[in-house]
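Before any comments, here is the structure.
The values are calculated or read from the model by the stated rules, or taken from the named source; none is laboratory data. Because the structure is predicted, anything quoted here is derived from the model rather than measured. As a convention, Cβ positions derive from the backbone with ideal geometry for all residues, glycine included, and neighbour counts pool all protein chains shown. Ligands, DNA and RNA are excluded from the accessible area calculation, which covers all protein heavy atoms including side chains. Shrake-Rupley method; radii C 1.70, N 1.55, O 1.52, S 1.80 Å.
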Number of protein chains: 2
Amino acid sequence: MNIKEEIRKMKEAAPFLAASSEDTRNGALKNIAKSLKENADRIFAANAKDLKAAEENGISPSIIGRLKFNEHKLNDCIAGIEQLISLPDPLGKVTLARQLDEGLQLYRITCPIGVIGVIFEARPDALVQISSLCIKSGNCAILKGGKETAESNRVLFEIIHKAAEEAGIPSECMLQAELHDEISALLECHGYVDLLIPRGSNAFVQYIMDNTKIPVMGHADGICHTYVDAECDIKKAVRIVIDAKTQYTAACNATETLLVNRAIAPVFLPELAKAMKEAGVKLNGTEEVSGIIPGAVNVIGDDDFAKEYLDMEMGIKIVDDVLEAVKHINRFGSHHTDSIISDNEENIKTFMQLVDSADVYANCSTRFADGFRYGFGAEVGISTGKIHARGPVGLEGLVTYKYNLYGDGHIVGDYAEGRSSFNFKEL
Amino acid sequence: MNIKEEIRKMKEAAPFLAASSEDTRNGALKNIAKSLKENADRIFAANAKDLKAAEENGISPSIIGRLKFNEHKLNDCIAGIEQLISLPDPLGKVTLARQLDEGLQLYRITCPIGVIGVIFEARPDALVQISSLCIKSGNCAILKGGKETAESNRVLFEIIHKAAEEAGIPSECMLQAELHDEISALLECHGYVDLLIPRGSNAFVQYIMDNTKIPVMGHADGICHTYVDAECDIKKAVRIVIDAKTQYTAACNATETLLVNRAIAPVFLPELAKAMKEAGVKLNGTEEVSGIIPGAVNVIGDDDFAKEYLDMEMGIKIVDDVLEAVKHINRFGSHHTDSIISDNEENIKTFMQLVDSADVYANCSTRFADGFRYGFGAEVGISTGKIHARGPVGLEGLVTYKYNLYGDGHIVGDYAEGRSSFNFKEL
């Protein structure tokens, strides 16, 4: 298969998928859910091959857990598809309707982005989620999953593609890339591919961003902060910080740096150090932090706060006030997710307004930044970009709009030369 | 001045402008309008220097018309600012409010993009428009205008900056770049600059897009089409095509290619050729076109339809039907603005749905694609991108959003381990 030629055909088919009815797209999702159920044994058999290969290659048990696709995960996937079916159609929504002049009507109407390439980690459920989101939002999808689940991906894609086609989705609108080489070909397809969504390691996402002219949505690093303000419930703060750091250290929304108000540091830090020791977290802090909890921290300098640990390790710094916390976060953070723990309404307001991140929280764990937890049904990724979609990206982030203008022989010359004048009226 | 250092300071100030009240921003716009009026003579004197230099450099009268900033243009600018003041605040709008669980509330709130660099052509009114749009939308602006209006730009920027500062806008939030070298420095400021909006020639915009990691919004070329369908009023069609081609040939929304349905070509093309000859437009067409209006066209091949003339010159091709027209437009067009002239409702619907462009029209001139004509007050540019803003970009295209989540000690572990479960409810 020549992937560039397939993508060119996909681009030609994209407007037809964009114009498909809600019934066709929901019908395809229903058929996919049905086919997944009917083919469960085939899927599990393919997944067993992936798991066997992973064990033989000495892949760690925590990663093998992600590769696994069992009854439980299949049911979750099907529940996700059913939730998507029940969501309102994101396409064809009129977001502006304006008369420009007598007989000249402007409409702004939501439509799909077009052709989206998603490169994702080795998780079979991700393939199901992403392809379902793309079908619901009328987007053509090029899917490239991690090689560790190649067998599962192949079977899942075949089932989903066939079920979608049977329900009237043009066959060219879904494509699976299986070879790593095909990523390079995909990166060169500007003009045909409208958006790339890479998921994976910082280095991988950065590589994609640096090597294509196609717009890229996603995030490279996730340096998230929790700021513990002077007025707060220390027990609650410790509980939140433990969750934000340890609940899933490999996640992009795990807290990497803890900022502590100087006034509360002498009472808060010893409590925190105790809890962190129990949890097995290594602490790195400034000299001032070390002075308060001697022996409990490895001393680091300011530059070390640009580090994403993704592990049982955390940086700690003491700040004067909420403004210094904001300044640190806006400078060292990755504009992903940051949280303030405080009982002071004014400081919460300042933090929520001034922190320049996609997700800004008060009195809860940074780990909540996630499409499912936001009630989006699923997400194709989390965006730290400010252009287009920000934060967890669900259906709304997968649509754009076009302007449709209906006239009756209207020409600009009449307006430029004063024979007509605009007469704006919302319709 | 070290522009990178200034941009770094701007980035630090950006959250404060983002958090400024609507009153502060509208107050700044009022003060700018007042100061422009009071300093009219200074502005005109500076502009006279630019015009004198332009004449000495033998710049063509049509371009000198764009450099000129007189009483009439000043009044237009002030009217534009007054219109902006009257528009609703684009910031702080809650676009999603959802309870995730008891005591855990998610809000999605519009906010400015942050720091925007705009590089624009030599037109003093553009400087006023762009800086006003940025202030209203709470964005910091780096402005680089064409060198032919350097004197006018300097005085206008000084007046606008001072008036904004007096009204409480942080001084660091506006910056003028005057040297061409500073463009290169600006292109390297990813991490500080959130968006670049280059306006100008195809080659210039393409250069910007190819030489920065900062997201770029705008359009390089504008290959717009008008398709004349089989059923249509020939007189109306000729009038629209003449306007779309000749009303302002240098504009990106001027029609470059005319597609004609085979059924109507024998009657339509001779009428069109006559009108185009009178208007002084050179016609380039396929052999089939030449067969219908022999002697009136220069014969061209399929590849020539990727050309943007920006002049009194147009390509013509005959197509079977609306679907072939759509296919040609999606392949050769630049996804900018395309129009169908037809009395057939079904064909209009097909065209509006399947043409993959920012602006898709029926029975009117492609020249309507413009922020002012859409009632946006002004535009910072026209985007052919599908990510973020599309078509003419006004206030709405200059904002993004952030998610604010308010909790009361909520941690993810409780949900992951089944002690709590999500309880979504729209607020």
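Some values worked out for this structure:
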| read-out | value |
| --- | --- |
| Residues satisfying the stated conditions in the stretch A:45-63, i.e. closer than 18 Å to A:R154 by Cα and not acidic (D, E) | A:A45, A:A46, A:N47, A:A48, A:K49, A:L51, A:K52, A:A53, A:A54 |
| Failed condition for A:G222, given (1) open to solvent by 30 Å² or more (accessible area, probe 1.4 Å); (2) away from chain B (no Cβ under 12 Å); (3) touching an Asp or Glu at 6+ places or on another chain (Cβ under 9 Å) | (1) |
| Test: residue in the stretch A:113-129 that is within 14 Å of chain B (Cβ to nearest Cβ) and under 30 Å from A:V412 (Cβ atoms) | yes |
| Any strands (runs of 3 or more DSSP E) falling wholly within the stretch B:317-427 and containing at least 2 residues that are open to solvent by 10 Å² or more (accessible area, probe 1.4 Å) and facing another protein chain (nearest Cβ under 9 Å) | B:399-410 |
| Every residue from the stretch B:191-214 that is under 20 Å from the mean Cα position of the chain (by Cα), without any contact (Cβ under 8 Å) to a residue 40 or more places away in the chain and not in a helix (DSSP H, G or I) | B:S201, B:T212 |
| Residue in the stretch B:148-170 that is at positive phi and open to solvent by 20 Å² or more (accessible area, probe 1.4 Å) present | yes |
| Output for the stretch B:274-306, where each listed residue is over 30 Å from B:V205 (Cα atoms), open to solvent by less than 70 Å² (accessible area, probe 1.4 Å), in contact (Cβ under 8 Å) with a residue 24 or more places away in the chain and assigned to a helix (DSSP H, G or I) | B:A275, B:M276, B:A279, B:V289, B:I292 |
| Failed item, numbered, when B:K52 is tested on (1) farther than 23 Å from B:C134 by Cα; (2) modelled with pLDDT under 90 | (2) |
| Residues (farther than 12 Å from B:I119 by Cβ and open to solvent by 10 Å² or more (accessible area, probe 1.4 Å)) located in the stretch B:179-191 | B:L179, B:D181, B:A185, B:E188, B:H190, B:G191 |
| A:G200 small (G, A, S) and either open to solvent by less than 10 Å² (accessible area, probe 1.4 Å) or within 13 Å of another protein chain (Cβ to nearest Cβ) (or both) | no |
| Pair list, Cβ under 6 Å, 6 or more apart: the stretch A:133-160 residue in a helix (DSSP H, G or I), other residue open to solvent by 20 Å² or more (accessible area, probe 1.4 Å) | A:E151/A:K49; A:V155/A:R42; A:F157/A:Q176; A:I159/A:N39 |
| Neighbours by Cβ (under 8 Å, 6+ apart or cross-chain): first from the stretch A:316-332, touching a residue at least 12 places away in the same chain (Cβ under 8 Å) and closer than 17 Å to A:V360 by Cα; second in a helix (DSSP H, G or I) and of a type in the set (K, R) | A:N330/B:K11 |
| Filter pass, B:D210 being within 30 Å of A:H219 (Cβ to Cβ), of a type outside the set (S, T, Y) and open to solvent by 50 Å² or more (accessible area, probe 1.4 Å) | yes |
| Single condition A:A79 does not satisfy, out of (1) touching a Leu at 6+ places or on another chain (Cβ under 7 Å); (2) away from chain B (no Cβ under 12 Å); (3) among the small types (G, A, S) | (1) |
| Every residue from the stretch B:229-257 that is surrounded by 24 or more Cβ atoms within 10 Å (Cβ to Cβ), in a loop (DSSP other than H, G, I, E, B) and acidic (D, E) | B:D229 |
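For (1) under 28 Å from the mean Cα position of the chain (by Cα); (2) under 18 Å from B:C232 (Cα atoms), each residue gets a yes or a no:
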{"residue": "B:N253", "(1), (2)": "yes, no"}
{"residue": "B:N261", "(1), (2)": "no, yes"}
{"residue": "B:K282", "(1), (2)": "no, no"}
{"residue": "B:P294", "(1), (2)": "no, no"}
{"residue": "B:K307", "(1), (2)": "yes, no"}
{"residue": "B:E313", "(1), (2)": "yes, no"}
{"residue": "B:I318", "(1), (2)": "no, yes"}
{"residue": "B:V326", "(1), (2)": "yes, yes"}
